[in-house]
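Participant: There's a structure below that I have some questions on.
The values are calculated or read from the model by the stated rules, or taken from the named source; none is laboratory data. On a predicted model such as this, the values are computed, not experimentally measured, just so you know. So basically every Cβ, Gly included, is an ideal-geometry build from the backbone, and we count neighbours across all protein chains shown. Just so you know, the surface numbers come from the protein's heavy atoms only, side chains and all, with ligands and any DNA or RNA stripped out. Shrake-Rupley method; radii C 1.70, N 1.55, O 1.52, S 1.80 Å.
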Amino acid sequence: MTLRVILLHGAVIVALFLAQFVVSDYAVLTLTRIMVLAVYASGYNILFGYAGLLSLGHAMFFAAGLYAAALGVTRLGLSVPAAFGFALLSGLLASVLIGLVALRAAGVAFMIVTLMFAQAAFLTVLYFGDYTRGDEGIVIPETLRVFDLFGLHADLASPVLRYNLALGFLAFTVAAMLLIVRSRIGHVLVAIRENESRTAMLGYDVARYKLAAFVISGVFAAFAGAAYALLFAYAGSTLASIQYSINPLLWTLLGGAATVLGPLLGTALMFVLIDFAGSFTSATLLFVGAALILLVLFFPKGILGTLRQRFLPWLP
């Protein structure tokens, strides 16, 4: 890994750390959401950007982490750290079991299978409304978001703590993504994306690597879901809907698939676009759609993907 790669990604994290001291309270809250959801998009990018597998069902893994964390603290009496671990385990189990089934299909069939699983998960959330609270959602009381860890007292109602935890989660994710995409598994995933048959001919176990990508992607989605529930004290069925399967795809495409910082940039830009459009129209999705058309015309590989192709070939 080159020094300029480390400096670039480190500078982004440092800039986000310093931003909390100069922006408004509203901007701090927005950036906190962006960083948490960028973790989700980064996990999705492993499957879609690097392995070339288009999933339309990742909301089920986000929801697995979301509801495991929320129910863990409200129903099971778990502490915040224990609920977070429970959410990661739930995401791991769900991604392994569903991956073993979904990856038996390919292409459009894979998309449909993941969509069907996601819809089944969404309907399950609604069916067990007595526990999940359905559309109303679970609101986590402030008293359950207070915990002690390594002798330190933490209260997730604090905006400063929420922001810096989200930043820590993002920094960990960026570091993990850099290690993954620069490792053997990252190179093999790109080879599978480009030519699966040739990769298999070279002796690689394609099925095993695809499952690994699916599980890594699912665990990071659950990681983001758990962070969202605990930091924002809410878990609702909207966050398990098809919209939250499409969102990480849009964020990744906008920022640049198969780039480490692309999901973060895409998530941030989408939030800015929606906020800007919402200031003068209620048809925000129409505005976003027009922006995406312009993106396809002028940045066909996403913003960072196109910049890498034209000017920055070293960009991971």
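Participant: Can you figure out the FRET efficiency of ARG75 with LEU29, using R₀ = 22 Å and their beta-carbon distance, to the nearest 0.05?
Facilitator: Calculated transfer efficiency: 0.20.
Participant: Contour minus end-to-end for LEU179 and VAL160, with contour as 0.36 nm per residue of separation and end-to-end as the Cα-Cα distance?
Facilitator: Taking LEU179 through VAL160 to full extension adds about 4.0 nm, to one decimal.
Participant: Before anything else, pin down the relative contact order of region 68-184: Cα pairs under 8 Å, at least 6 apart, normalised by residue count, whole percent.
Facilitator: Once normalised by length, the contact order is 20 percent.
Participant: In whole Å, what is the distance between the alpha-carbon centres of region 1-41 and region 206-244?
Facilitator: 20
Participant: Follow-up. Over the Cα atoms of region 76-234, Rg to Rh with Kirkwood Rh, two decimal places?
Facilitator: That ratio equals 1.04.
Participant: Just by accessible area at a 1.4 angstrom probe, what is the order of THR306, THR30 from largest to smallest?
Facilitator: THR30, THR306
Participant: To check my understanding: the extent here is largest minus smallest coordinate of the Cα atoms along each principal axis. What are those three numbers for region 167-268, in Å, largest first?
Facilitator: Each principal axis gives a Cα extent; for region 167-268 these are 49, 26, 23 Å.
Participant: Ignoring any ligand, DNA or RNA, what whole percent of the accessible area of the chain comes from carbon and sulfur when the probe is 1.4 angstrom?
Facilitator: 71
Participant: How would SER279, SER241, SER24 line up by accessible area, probe 1.4 Å, largest first?
Facilitator: SER279, SER24, SER241
Participant: If you count only protein heavy atoms with a 1.4 Å probe, what accessible area per residue comes out for the chain, rounded to a whole Å²?
Facilitator: Per-residue accessible area for the chain comes out at 47 Å².
Participant: Taking a probe of 1.4 angstrom, what is the accessible area of GLU196 in Å², to the nearest 10?
Facilitator: Spelled out: GLU196, probe radius 1.4 Å, area about 80 Å².
Participant: Which value, in Å² and to the nearest 10, is the accessible area of TYR131 when all protein chains are kept and the probe is 1.4 Å?
Facilitator: For TYR131, the solvent-accessible surface is approximately 120 Å².
Participant: Would you please classify the overall shape of region 5-48 from the alpha carbon gyration tensor, given that a ≥ b ≥ c denote the square roots of the eigenvalues, rounded means a/c under 1.5, and beyond that prolate means a/b larger than b/c while oblate covers the rest?
Facilitator: Oblate, since a/c reaches 1.5 and b/c is not below a/b.
Participant: So what is the 222 nm mean residue ellipticity for the chain from helices alone, if each DSSP H run of at least 4 adds -39500 (n - 2.57) and you divide by all residues, rounding to the nearest 500 deg cm²/dmol?
Facilitator: Dividing the helical sum by the residues of the chain leaves -23000 deg cm²/dmol.
Participant: When a/c reaches 1.5 or more, the comparison of a/b and b/c decides; with that in mind, is region 223-298 rounded, prolate or oblate per its Cα gyration tensor?
Facilitator: Note, shape of region 223-298 comes out oblate.
Participant: Just want to confirm a number: the relative contact order over region 238-304, from Cα pairs under 8 angstrom separated by 6+ residues, in percent.
Facilitator: Computed over region 238-304, the figure is 32 percent.
Participant: Moving to a separate point now. Can you tell me the length gained on complete extension of the stretch GLU194 to ALA291, counting 0.36 nm per residue apart and subtracting the Cα distance?
Facilitator: Between GLU194 and ALA291, full extension yields 32.1 nm more.
Participant: Binning every alpha carbon pair distance of the chain at 10 Å from zero, what are the percents per bin?
Facilitator: 6, 26, 36, 24, 7, 1
Participant: Would you kindly find the accessible area of LYS301, with a 1.4 Å probe and non-protein molecules such as ligands, DNA and RNA excluded, rounding to the nearest 10 Å²?
Facilitator: 110
Participant: Next question. Give me the distance in nm between label points sitting 7 Å out from Cα along the Cα-to-Cβ direction at VAL139 and ALA15, one decimal.
Facilitator: Placing both labels 7 Å along Cα→Cβ, they lie 3.7 nm apart.
Participant: Related question: Rank these residues by their accessible area, most exposed first, probe 1.4 Å: ILE185, ILE293, ILE246.
Facilitator: Heavy-atom accessible area, descending, gives ILE293, ILE246, ILE185.
Participant: Can you give the relative contact order of the chain as a percent, counting alpha carbon pairs under 8 Å and 6+ residues apart?
Facilitator: That works out to 31 percent.
Participant: Now for a separate question. Apply the a/c threshold of 1.5 to the C-alpha gyration tensor of region 1-93 and tell me whether it is rounded, prolate or oblate.
Facilitator: Oblate, since a/c reaches 1.5 and b/c is not below a/b.
Participant: Between PHE150 and MET201, how many nm apart are label points set 7 Å from Cα along the C-beta direction?
Facilitator: Placing both labels 7 Å along Cα→Cβ, they lie 5.0 nm apart.
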